[in-house]
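Working notes, structure below.
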Amino acid sequence: MIKTDAVIIGAGPVGLFTVFELGILGLNAHVVDNLDKAGGQCIELYPDKPIYDIPALPICTGESLTNNLLEQIKPFNTSFHLNQRVNSLQKKGDKWIVETSEKTTFETPNVIIAGGVGSFEPRKPPIKGIENFEKSNLFYSVKNKNSFSNQNICIFGGGDSALDWAVELSKNAKKISLIHRRNEFRAAQHTVDKMMKLKDEGKIDLYTGFQPKDFVGKEKIEKVVIESDQKEVKEINTDSVLAFFGLKMELGPIVNWGLNLDNKTIVVDTKNFETSEKGIFAVGDICTYPGKLKLILCGFHECALAAQECFKRARPDEKYVFRFTTSSSDIHKRLGVK
Amino acid sequence: MPKVTYIEFNGTEHSVEVDKGLTIMEGAVQNNIPGIDADCGGSCACATCHVYVDDDWLDKLPEQSDAEKDMLDFAFETKPNSRLSCQIFLDENLDGVVVSLPEKQG
């Protein structure tokens, strides 16, 4: 059990800036995110897209904004708990017990939900009963590439994940079948070229203009049925299926935490961005209040105010004093300014 | 104002007037029409505003950008008339446009 002043759910831009706002008040925080890296939507959805409305940054990208925020919170040596989702929040006196999908547990007076639109989960092909195969031979990521040696493998998708794995796994697989809904690929051109070469060598069978129609099998998928836009149907025998349809966002367990919700967002008090539960805050796109705008800059304001209340809860015996970063020697010490 | 008809997967129809210059996605969100999630808020980054455009209107639509084609890879059950509704801005040429919503987004 990790004891901390605050647990931040979500490592997007607002979650990261919450670390800063807590940090200058002398509060430590742990950050949990379901992705494998910090940055949230900025990194997962639009790392290269321009953002023009961050104050004093005429232009940045999702990636540069994330990197700058990580640089800004460096002095606080924050612990990130990635690849895991917060599953439950339980009240224990004035504190909260937070547990993740990897069984990491925290005891904290403050939980700040900066979860955007929810956690990223793999998108699944539109096939009924698909969950039955997830325990056997249907995968949305590759954990151990050796487990696919000497197999017939069907890979769905046209992005970097699909093509990178098609190329990599073709080294030891019996046969790779790559299925994509159109002729163009999103993957890097040099990977597309490699894949095409493997196709010419007969190591990869390529099916473009096809989408999954059915997965046939009892406990595991024995063959996949694919269909083209012209309704041409093909069947492919397979030992494993890898589906790379990207990630989608799901609110997930947050709906079970007893918070007041309004259309997938959490209702907060704009005084301190506290939810209907004491010590649970919501900031950024996931919170709502009259006039709410889903802008990163609004999230920055929201977490600054939430941090003040977090301080009162984490340090009930200390007096809160407002300080500017420009002149406060305490803040300079926390930031490592000499 | 252009009229847009949204047909939910269960067949429920919603006909609403939407300001010129807004997108088909924004028209749905402003009128609380279920079935269009628009998680990314209209930046062509998530494929959760996927619609099927009625065949009669297909040739009146703006060209698909590469970004939209890429994102459609992620949409649930795409068809030849699949589009992302955040990329279709309404003008008088689209007055009366009809779109059907997929079984689910993503």
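The values are calculated or read from the model by the stated rules, or taken from the named source; none is laboratory data. Note that the coordinates shown come from a computational prediction; the quantities given were computed from them, not determined experimentally. A quick note on method: Cβ atoms are made from the backbone with ideal geometry, for glycine too, and the neighbour counts reach across all protein chains shown.
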Pair list, Cβ < 8 Å and 6+ apart or interchain, from region A:258-271 residues that are surrounded by 15 or more Cβ atoms within 10 Å (Cβ to Cβ) to residues that are basic (Lys, Arg): A:Thr265/A:Lys292
Only listed residue being under 12 Å from the mean Cα position of the chain (by Cα) and either assigned to a loop (DSSP other than H, G, I, E, B) or more than 9 Å from chain A (Cβ to nearest Cβ) (or both), chosen from B:Asp19, B:Asp37, B:Asp59: B:Asp37
Only one of A:Ile254, A:Ile221 that is crowded, with 21+ Cβ neighbours inside 10 Å, closer than 24 Å to B:Cys49 by Cα, away from chain B (no Cβ under 14 Å) and not basic (Lys, Arg): A:Ile254
A:Gly209, sole failed condition from (1) in contact with a Pro (Cβ under 9 Å, 6 or more places away or on another chain); (2) surrounded by fewer than 23 Cβ atoms within 10 Å (Cβ to Cβ): (1)
Region A:25-41 residues that are at pLDDT below 95, paired with ones that are small (Gly, Ala, Ser) and in a strand (DSSP E or B) (beta carbon under 9 Å, 6 or more apart): A:Asn34/A:Ser119; A:Leu35/A:Ser119
Yes/no for A:Ala166 being loosely packed, with under 14 Cβ neighbours inside 10 Å and within 26 Å of the chain's Cα centre (by Cα): no
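Quick one: how many residues across region A:247-261 are assigned to a helix (DSSP H, G or I), of a type outside the set (Val, Ile, Thr) and at pLDDT 90 or above?
Matching residues across region A:247-261 total 2.
Here are A:Gly258, A:Gly284, A:Gly336, A:Gly291: which of them is over 30 Å from B:Glu77 (Cα atoms) and in contact with a Gly (Cβ under 9 Å, 6 or more places away or on another chain)?
Being over 30 Å from B:Glu77 (Cα atoms) and in contact with a Gly (Cβ under 9 Å, 6 or more places away or on another chain) holds for just one of A:Gly258, A:Gly284, A:Gly336, A:Gly291, which is A:Gly284.
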Flag for A:Ile8 being surrounded by 22 or more Cβ atoms within 10 Å (Cβ to Cβ), out of contact with any Asp or Glu (no Cβ under 7 Å at 6 or more places or on another chain) and in contact (Cβ under 8 Å) with a residue 60 or more places away in the chain: yes
Among (1) touching a Leu at 6+ places or on another chain (Cβ under 9 Å); (2) under 26 Å from A:Ala187 (Cα atoms); (3) outside any loop (DSSP other than H, G, I, E, B) - the single one B:Asp70 does not satisfy: (1)
Qualifying residue in region B:88-98 (condition: polar (S, T, N, Q) and more than 10 Å from every other protein chain (Cβ to nearest Cβ)): yes
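Please state which one of B:Asp55, B:Asp91 is touching a Lys or Arg at 6+ places or on another chain (Cβ under 9 Å), touching a residue at least 24 places away in the same chain (Cβ under 8 Å), more than 21 Å from A:Gly157 (Cα to Cα) and not aromatic (Phe, Trp, Tyr).
After applying the criteria, what remains is B:Asp91.
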Among (1) in contact with a Phe, Trp or Tyr (Cβ under 9 Å, 6 or more places away or on another chain); (2) closer than 30 Å to A:Asn87 by Cα; (3) surrounded by fewer than 22 Cβ atoms within 10 Å (Cβ to Cβ); (4) more than 14 Å from every other protein chain (Cβ to nearest Cβ), the one test that A:Asn172 misses: (2)
Subset tally (residues that are surrounded by fewer than 17 Cβ atoms within 10 Å (Cβ to Cβ), of a type outside the set (A, V, I, L, M, F, W, C) and closer than 24 Å to B:Glu103 by Cβ) for region B:1-18: 7
Count of residues meeting criterion [of a type in the set (A, V, I, L, M), away from chain B (no Cβ under 13 Å) and more than 18 Å from the chain's Cα centre (by Cα)] in region A:112-146: 1
Unique match (being in contact (Cβ under 8 Å) with a residue 40 or more places away in the chain and more than 13 Å from chain B (Cβ to nearest Cβ)) among A:Ile54, A:Ile59: A:Ile54
Enumeration of residues in region B:22-34 that are within 14 Å of another protein chain (Cβ to nearest Cβ) and either free of Cβ contacts under 8 Å to residues at least 12 places away in the same chain or assigned to a strand (DSSP E or B) (or both): B:Val29, B:Asn32
Tabulated pairs, region A:215-242, first at pLDDT below 95, second of a type in the set (Asp, Glu), C-beta under 6 angstrom, 6+ apart or interchain: none
Those residues of region A:55-86 which are polar (S, T, N, Q), more than 14 Å from A:Gly15 (Cα to Cα) and surrounded by 15 or more Cβ atoms within 10 Å (Cβ to Cβ), in sequence order: A:Thr61, A:Ser64, A:Gln84
